[in-house]
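Inspection log for the structure reproduced underneath, given as structure tokens.
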Amino acid sequence: MITLKAILVVLATVVNKALIPLFKVKGLTISQIYTKATTVTNAIETNVLTFGVMDPTTAEMLDDIVAGQLLVTQIQDKEVELKTMREELTENLDKVKSNMIYNYCTSVKNSAGGVKSIVQLTGLELKGMGPAKTLIRFNNTYPEPYKVNQSIGLRIILDLMASDALSKGKPYGAKSIICYRQVGGIAPLRNNHPLAVAMPPFGKMKLTDTNFITANIGQIVYYIFCWVDKDGNIGPESAVYFYTVTA
């Protein structure tokens, strides 16, 4: 006859077999992960009669943990050092540029006395000596993406450049960029996109689009770009670029 105690023992055995040890690290810093690993390793070493010799051994595991913690400390020290060096670089660069602009340029101007050939001896640029600025590029190019970043869900970042690839900046005459945007639906066409909505003009050569909701995941978002001048006139529209919204 099976007793209640026997049943409970069987159930306890089944439950124990179903237990799955986990080493959870989500939300922990690197240092916290190493600390947690140290705690677990020491606990296993303390109870060696229960767990036996591990592979790798607890001594080897502790050596690896100590090595990792040392690397963390060294990296932190290097980051502080690098931060200081970057600050020094910024100060130095500002000093060099300031001396070039306000001291050297002034001295060269005074020495040249209005003679271009003398200024040209230095390698300095001369205001007004470059080609005349025209709207040719404004009227014949458009912004287009050359790099996309979707490393974070529900976010698309596009780095833009002029379609003629002559520069990563806007052409002369372009004050900002307009992007026509459409999520889902029938794919729009260049110069024919009744369902696309014009986003507010932006000045940088980068589009950061976070205007998505969970329901958009897996849908296609379409973009069309064009230049805008200071009077609101727009240049040619780009091709249609499309990307899938990710989680």
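Can you say whether Met61 is in the same structural domain as Val119 (by TED's automatic domain parsing), out of contact with any Lys or Arg (no Cβ under 6 Å at 6 or more places or on another chain) and not in a helix (DSSP H, G or I), as far as the supplied structure shows? In short, no.
Can you name every residue in the stretch 163-183 that is out of contact with any helix residue (DSSP H, G or I) (no Cβ under 7 Å at 6 or more places or on another chain) and modelled with pLDDT of 95 or more? Scanning the stretch 163-183 gives Ser163, Lys170, Lys175, Ser176, Ile177, Ile178, Cys179, Tyr180, Arg181, Gln182. Can Gly185 be described as without any contact (Cβ under 8 Å) to a residue 60 or more places away in the chain, over 24 Å from Gly232 (Cβ atoms), in a loop (DSSP other than H, G, I, E, B) and in contact with a strand residue (DSSP E or B) (Cβ under 9 Å, 6 or more places away or on another chain)? The answer is yes for Gly185.
How about the stretch 84-133: which of its residues are more than 30 Å from Tyr172 (Cα to Cα) and aliphatic (A, V, I, L, M)? Scanning the stretch 84-133 gives Met85, Leu89, Ala112.
Pull up the stretch 161-206, narrow it to residues that are buried (at least 19 other Cβ atoms within 10 Å of the Cβ) and β-branched (Val, Ile, Thr), then point me to the one that is farthest from Ala132 (Cα to Cα). Looking at the filtered set, the residue picked out is Ile178. Residues of the stretch 208-222 that are in contact (Cβ under 8 Å) with a residue 60 or more places away in the chain and either out of contact with any Asp or Glu (no Cβ under 8 Å at 6 or more places or on another chain) or not assigned by TED's automatic domain parsing to the domain that holds Pro171 (or both): Thr214, Asn216, Ile217. For the stretch 211-222, does any single residue satisfy the condition of being exposed (fewer than 14 other Cβ atoms within 10 Å of the Cβ), of a type in the set (Ser, Thr, Tyr) and within 27 Å of Asn233 (Cβ to Cβ)? No, the stretch 211-222 contains no residue that is exposed (fewer than 14 other Cβ atoms within 10 Å of the Cβ), of a type in the set (Ser, Thr, Tyr) and within 27 Å of Asn233 (Cβ to Cβ).
Condition check: over 16 Å from Thr141 (Cβ atoms) and either in contact with a helix residue (DSSP H, G or I) (Cβ under 9 Å, 6 or more places away or on another chain) or free of Cβ contacts under 8 Å to residues at least 12 places away in the same chain (or both). Does Lys204 satisfy that? Yes: the conditions hold for Lys204. Pairing residues of the stretch 232-246 that are among the polar types (S, T, N, Q) with residues that are buried (at least 18 other Cβ atoms within 10 Å of the Cβ) and at pLDDT below 95, at Cβ distances under 9 Å and at least 6 apart in sequence or on separate chains, gives no pairs at all. Within the stretch 33-54, does at least one residue satisfy the condition of being free of Cβ contacts under 8 Å to residues at least 24 places away in the same chain and small (Gly, Ala, Ser)? Within the stretch 33-54 (the criterion being free of Cβ contacts under 8 Å to residues at least 24 places away in the same chain and small (Gly, Ala, Ser)), the answer is yes, since at least one residue qualifies.
Looking at the stretch 76-147, the helices (runs of 4 or more DSSP H) lying wholly inside it that each contain 3 or more residues that are in contact (Cβ under 8 Å) with a residue 24 or more places away in the chain and touching an Asp or Glu at 6+ places or on another chain (Cβ under 9 Å) sit at 136-140. Before we move on, is Ile157 within 18 Å of Tyr243 (Cα to Cα), surrounded by 15 or more Cβ atoms within 10 Å (Cβ to Cβ), among the hydrophobic types (A, V, I, L, M, F, W, C) and touching a residue at least 40 places away in the same chain (Cβ under 8 Å)? So Ile157 fits the description; yes.
Of the helices (runs of 4 or more DSSP H) that lie entirely inside the stretch 1-55, those containing 1 or more residues that are at pLDDT below 95, closer than 30 Å to Ile75 by Cβ and of a type in the set (Gly, Ala, Ser) span 30-46. Listed conditions (1) in the same structural domain as Tyr223 (by TED's automatic domain parsing); (2) assigned to a loop (DSSP other than H, G, I, E, B) are all met by Met161, apart from (2). The numbered conditions (1) within 30 Å of Phe242 (Cα to Cα); (2) surrounded by 10 or more Cβ atoms within 10 Å (Cβ to Cβ); (3) of a type in the set (Gly, Ala, Ser) are all true for Ser151 except (2).
The values are calculated or read from the model by the stated rules, or taken from the named source; none is laboratory data. Predicted, not measured: the structure shown is a model, and the values here were computed from it. All Cβ positions, glycine included, derive from the backbone under ideal geometry; neighbour counts span all protein chains shown.
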